[in-house]
1. Give the residue, chosen from 101, 136, 126, 147, that is in contact (Cβ under 8 Å) with a residue 40 or more places away in the chain, in contact with a Leu (Cβ under 8 Å, 6 or more places away or on another chain) and under 23 Å from residue 25 (Cβ atoms).
2. Considering only residues that are part of a strand (DSSP E or B) and charged (D, E, K, R), which ones fall in the stretch 35-93?
3. Of all the residues that make up the stretch 58-104, how many are under 25 Å from residue 146 (Cα atoms) and either surrounded by 20 or more Cβ atoms within 10 Å (Cβ to Cβ) or of a type in the set (Ser, Thr, Tyr) (or both)?
4. For residues that are modelled with pLDDT of 95 or more and among the aromatic types (Phe, Trp, Tyr), scanning just the stretch 129-149, find the one that is surrounded by the most Cβ atoms within 10 Å (Cβ to Cβ).
Amino acid sequence: MKRILTLLTCLFAGTANATIITNDTTSITTTAQSYSQSVALTDTAFTNVTLDLFAKGDYGMAMNENIVFSIDGVTIADWTYNTPGISVTNNYTDYDYTLSGSVSISDALWSTFSADNVLDISWVNGSYVNPYPSQGGADYVTYSISGDPAAVPEPSTLALLGLGLVGMSLSRKKK
């Protein structure tokens, strides 16, 4: 019986690997730079969707030195150098910081984003975020949205085979 259960577990178990849904890297070359792109989705069946965001630039101590990242008009991240829960590296005092972190997107929110098979992705730097490539190196924003492919139901023939094997083992024990 244990062997049969082990066999069934192996047959029905699947492994999920995170898949990149979309990603981009854009250089920061102007003050208060913004970015906008519509991405057509070929597959919308994902769970555990995550945004990984890296922003390197003038995210210092002045007001309005932030980055706001949105999907379909919904703010997913609004970060400055002192946002809790993200990693911050000071590359050049008061001028250049690297902000990095991940944001989980709930399955319910993902289903609303992906319902029309298009993601409208945008980010905007605050009004005082200036490009300073001479202080700390080139400035950029990189994002990646990834998720686990949703489980695909096993064919009914495997389910019937499993039930048949369990039934045979149970009838054998009764005899």
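The values are calculated or read from the model by the stated rules, or taken from the named source; none is laboratory data. Keep in mind that this is a model prediction, so the values were computed, not measured. Positions of Cβ are generated from backbone atoms using ideal geometry, with glycine treated the same way; all protein chains shown enter the neighbour counts.
1. So the residue among 101, 136, 126, 147 that is in contact (Cβ under 8 Å) with a residue 40 or more places away in the chain, in contact with a Leu (Cβ under 8 Å, 6 or more places away or on another chain) and under 23 Å from residue 25 (Cβ atoms) is 101.
2. Looking only at the stretch 35-93, we keep the residues that are part of a strand (DSSP E or B), and these are 35-40, 46-57, 67-71, 74-79, 87-92.
The answer is 52, 56, 78.
3. Qualifying residue count, the stretch 58-104: 20.
4. 143
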